[in-house]
Amino acid sequence: MSTQTSTVGWEGRRVVYAIYAGVVGIAALMGFVIGLIQPENLDPELFGVIQLPPTPVGMVVFGVVYVGLGVGILLLAVAVVADRFDDAAK
């Protein structure tokens, strides 16, 4: 008799991806709020090259790109290391 493991629920990478999406969503929300408030001297630039308008949409783009890239690169590095150590343990 064989036993099957259920993949229903929140496990492993799904949880990490959900947290990542949540963090990027929070960055988008905060960018929107900051864009609505429009503090003085707000001049968002992507990578010091692309000028964005200090509007809610511009701030959302700014926050999502920076947080998405920053956390995404770290997430990718952790995934690569985890895959290597997982294979070594087997």
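List of remarks:
- When Rg and the Kirkwood radius Rh are both evaluated on Cα atoms of the range 14-89, their ratio Rg/Rh stands at 1.15.
- Packing around the peptides 26-32, 15-21, 57-63, taken as the average count of other Cβ atoms within 10 Å per residue, puts them in this order, highest first: 57-63, 26-32, 15-21.
No lab work stands behind these numbers, since they all come straight from the coordinates. On a predicted model such as this, the values are computed, not experimentally measured, just so you know. Every residue, glycine as well, gets a Cβ built from its backbone with ideal geometry; the counts of neighbours run over all protein chains shown.
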